[in-house]
1. For the range 273-330, how big is the tail of P(r) above 12 Å, as a whole percent of Cα pairs?
2. Could you pull out every one of the lysines with an alpha carbon less than 27 Å from that of Lys194, ignoring same-chain neighbours closer than 8 positions?
3. When ranked by the protection proxy of mean other Cβ atoms within 10 Å per residue, highest first, what sequence do the peptides 487-494, 333-340 form?
4. Run the reach check for Lys252 against lysines, Cα to Cα strictly under 17 Å, same-chain hits fewer than 8 apart removed. What comes back?
5. Which entries in Lys332/Lys387; Lys329/Lys362; Lys387/Lys513; Lys256/Lys285; Lys447/Lys518 show an alpha-carbon gap greater than 22 Å?
6. Under a 1.4 angstrom probe, counting protein chains only, how are Tyr122, Tyr317 ranked by accessible area, largest first?
7. Just want to confirm a number: the relative contact order over the range 434-537, from Cα pairs under 8 angstrom separated by 6+ residues, in percent.
8. Around Gly524, what is the net charge, scoring Lys/Arg as +1 and Asp/Glu as -1 over all other residues with Cβ under 9 Å from its Cβ?
Amino acid sequence: MRLFLFPVSWLLLCCCWMAQAEIFTSIGQMTDLLYTEKELVHSLREYIKAEESKLAEIKSWARKLDDLTRVSTADPEGYLAHPVNAYKLMKRLHSEWSQLESLVLQNPSDGFISNVTMHRQYFPDAEDEKGAAKALMRLQDTYRLDSEDFSKGRLPGMHSKAVLTVDDCFDMGKTAYNEGDYYHAVLWVQQALKQFDAGEEAVVSKASILDYLSYSVYQMGDLPRAIELTRRLVAIDSSHQRAGGNLRYYEKLLLKKQNDEQEEEQADQSSSEEPIQLGTYVRPKDHLPEREIYEALCRGEGAKLTEGRRSRLFCRYHDGSRNPRLLLKPIKEEDEWDSPHIVRYLEALSDYEIEKIKEMAKPRLARATVRDPKTGVLTTANYRVSKSAWLEEEDGPVISRVNQRIQDITGLTVDTAELLQVANYGVGGQYEPHFDFSRRPFDSNLKVDGNRLATFLNYMSDVEAGGSTVFPDLGAIIQPRKGTAVFWYNLFESGEGDYRTRHAACPVLVGSKWVSNKWIHERGQEFLRPCGLTKVD
């Protein structure tokens, strides 16, 4: 980045957003589950100790009674001839065996069960588990990660002990299978088969793995491989309920196709017992037209900032047009993009302010919503996976201070701006390409304060991998940097929407992403940002 020459002292100082589980889409809230699990493990150990103590006492009873009955049954009449022995037999059968019965009937698990029951209301449900599985698949697609890399804990830039077992991989594939997503079902059930064949222990049987894999492959249109996998299934379980019928059906379909020599040759080539690799099948298209561009930018590919354009980007001190609060301590400003102009402000939030904002937001975090363009109703959506909370000035002096700072830096009033939105992204948390401004006809809620003129986005954490803000139409990639903020206008000076500002929050691969943003509206800015004369002014 080339240094702007004013002021000279900057030469010394220039430093050159959401998530598919429906409940636990926030790392900030998921951390509470770790402490809950720790408490339950402690409770479990206490239960084990109680069970061991009970069992030890029962064993002591058994040894004592075993010795006693051995002697008594050797000569029953001689034994009972002694009056003490006769008395003790009556006593044992009437009192002591009742005590033993009570001991056996004691249930030390009551405390543990009560503890689990109390916490169960906060546990993830089936939808959460499914959402977490889909999140891993989303990361797999976006960052082009092989299933084996995931299962071995190999992610870009790191290697961990967080591995997936045969059963984990099979459950991942089964989740996709039940959703009709046979593309991902193949990738994950295949990985389960690979690890099973390598000798890993598993609860799931090889027959079940082959059953799911063969049908998923068939659904992907690969008949020869489906036949090969089904034959392997029949070989290990000839009585399988569906395998024989499926095999005959697949072979009949293939026979029809072999009337064409070219298709026959292609079928012969694709029939193989080799593991199915990433890229063997084409990923189905979805609703997002710029999917490939968006995901490439998330991987750091396809950025369009040439050296010539980069040379026109500067860094400078910014005093908000001689704003009194910025004169003594101007903020550091860096150009991130030339047109539309996107800037980054350094030291926009202090560590103390970040922690206070997170502290206030955590109890209020709820699944982020979007406005349905047809009904205008706020609803959750799979393309926005995160949790968010809204904070107002009455919540604490920090919010008032941050709002004032945003107003000083941008030179725009925040009187008509929305509340400060805080968002936390969990596993695979993302927000697919979208516009911050509302396209005509405007929603009714915009008729008073106007459209979203500008976006001020605070990064409140660093992210180890993933989580960039990208602009697909521009080819721009903006990395999260804790304490910094980025700012851009969503509308031209004419009030028309700038469609180049379509942007996205890439899925978080590793880490916890915290952001807060302020959407500044049109009303009140009439003399602060005068209207332009042409459509694109």
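1. Result: 80 percent of Cα pairs exceed 12 Å.
2. Reachable lysines: Lys130, Lys134, Lys152, Lys161, Lys174, Lys206.
3. 487-494, 333-340
4. Cα-Cα hits under 17 Å: none found.
5. Lys332/Lys387; Lys329/Lys362; Lys256/Lys285
6. The residues order as Tyr122, Tyr317, largest area first.
7. Here the relative contact order equals 38 percent.
8. Result for the neighbourhood of Gly524: -3.
The values are calculated or read from the model by the stated rules, or taken from the named source; none is laboratory data. As the structure is a computational prediction, the values presented were derived from the model and not from experiment. Every residue, glycine as well, gets a Cβ built from its backbone with ideal geometry; the counts of neighbours run over all protein chains shown. These area figures cover heavy atoms from the full protein model, side chains too; ligands, DNA and RNA do not enter into them. Shrake-Rupley method; radii C 1.70, N 1.55, O 1.52, S 1.80 Å.
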